[in-house]
1. Mind checking which pairs have a first residue in the range 85-113 that is farther than 27 Å from Ala194 by Cβ and a second that is of a type in the set (Asp, Glu) and part of a strand (DSSP E or B), Cβ under 9 Å, 6 or more apart or different chains?
2. When you go through Asp197, Asp159 one by one, which is the residue that is modelled with pLDDT of 90 or more and closer than 30 Å to Phe78 by Cβ?
3. Can you say whether Ile152 is among the hydrophobic types (A, V, I, L, M, F, W, C), open to solvent by 20 Å² or more (accessible area, probe 1.4 Å) and outside any loop (DSSP other than H, G, I, E, B), as far as the supplied structure shows?
4. For Ser35, all conditions in the list (1) modelled with pLDDT under 85; (2) surrounded by fewer than 16 Cβ atoms within 10 Å (Cβ to Cβ) hold save one; what is the number of the exception?
5. Output the residue which, of all residues in the range 123-138 that are of a type in the set (Ser, Thr, Tyr) and surrounded by 17 or more Cβ atoms within 10 Å (Cβ to Cβ), is farthest from Asp159 (Cα to Cα).
6. Taking the options Thr133, Thr162, name whichever one is more than 21 Å from the chain's Cα centre (by Cα) and part of a helix (DSSP H, G or I).
7. Which residues, counting only those in the range 179-201, are among the aliphatic types (A, V, I, L, M) and more than 28 Å from Phe63 (Cα to Cα)?
8. If we scan the range 64-79, do we find a residue that is part of a loop (DSSP other than H, G, I, E, B), surrounded by 13 or more Cβ atoms within 10 Å (Cβ to Cβ) and modelled with pLDDT of 85 or more?
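The values are calculated or read from the model by the stated rules, or taken from the named source; none is laboratory data. No experiment lies behind these values; they were computed from the predicted model shown. Don't worry about glycine lacking a Cβ; one is built from the backbone with ideal geometry, like all the others, and counts go over all protein chains shown. We work out accessible area using only protein heavy atoms, side chains counted, and drop any ligands, DNA or RNA first. Shrake-Rupley method; radii C 1.70, N 1.55, O 1.52, S 1.80 Å.
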Amino acid sequence: IVHQFTFVNSDISALVIGYPSISRSVSDVVGGTFSVEVENASQKFNNLMHDKIPFAWGGYYDFGFKTDSGTNDTIQLFRGRLSKVAMKETKVNLTFDDALAQLKTKTVGTDISPVSYLNSTYNPADIMWWVVTSYGGLSNVKSVSNSDINYIQWLEWHDIFTNDSVFVQANFEGENVIEILDSIKDITASVVYAEGDNKLYFSRWTGIISSLFITLTDSYITKTTELNINGNSILNKISVQT
């Protein structure tokens, strides 16, 4: 098994004492953080006490395994920007925030001066784009070179709303960007999440476009089945042991 952590373009895996577990859920739009504990007996990280430039740099965690040929086959599970440093004796805890976590402090409009999208009807993906770029500070480059947003997936998401004629209006009076993303996610039956590459991804739940039918004959049934019918429901089910 291979654990590799890179910080300020340097592999510091040999200094890492322990890695945390990583979990994600697309049901909630929340920012992710990642903390690693590293040894500092060598005083390698003492410069962080007076040098704030590394706080603008990213760190990323790769996980995988060694192959028979001696190479590493890994995937990137987390990427983010250094946000907090905790020093204690010969150890340092480095905490990184992903793109969503960095949006928590960004707000859109105020009670006195709201940001409104009421003059027309708008594609929800466009509003999402304006919010995370104009107010969240993420890259607004509309191409695959966008460093903060998976543009191809965003464009597919945008086209779904256009083809389905889904349009919205909005009025923001001080909500933070995460709250706005969560609202748009809910009303459009979508998911918004940050992947291991620290880019935002957008998808919409869609119905199954084809159906799968299986016919169970006597040859599949291992024992007598029990059929229950409920008159209070138009939908009934039967469980078959096969």
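1. Thr90/Glu39; Lys91/Glu37; Lys91/Glu39
2. Asp159
3. On the way: among the hydrophobic types (A, V, I, L, M, F, W, C): yes; open to solvent by 20 Å² or more (accessible area, probe 1.4 Å): yes; outside any loop (DSSP other than H, G, I, E, B): yes.
So Ile152 fits the description; yes.
4. For Ser35, the failing item is (1).
5. Here is the first cut: in the range 123-138, the ones of a type in the set (Ser, Thr, Tyr) are 133-135.
Those still in the list that are surrounded by 17 or more Cβ atoms within 10 Å (Cβ to Cβ) too: 133, 135.
Details: Thr133: 19, Tyr135: 23 Å.
Selected residue: Tyr135.
6. Thr162
7. Initial filter on the range 179-201 (among the aliphatic types (A, V, I, L, M)): 180-181, 184, 187, 189, 191-192, 194, 200.
Listed by number, the residues that qualify are Ile180, Leu181, Ile184, Ile187, Ala189.
8. The first filter runs over the range 64-79 and keeps only residues part of a loop (DSSP other than H, G, I, E, B), leaving 67-71.
Restricting the remaining residues to those that are surrounded by 13 or more Cβ atoms within 10 Å (Cβ to Cβ) gives none.
Looking for residues that are part of a loop (DSSP other than H, G, I, E, B), surrounded by 13 or more Cβ atoms within 10 Å (Cβ to Cβ) and modelled with pLDDT of 85 or more, one finds none in the range 64-79, hence no.
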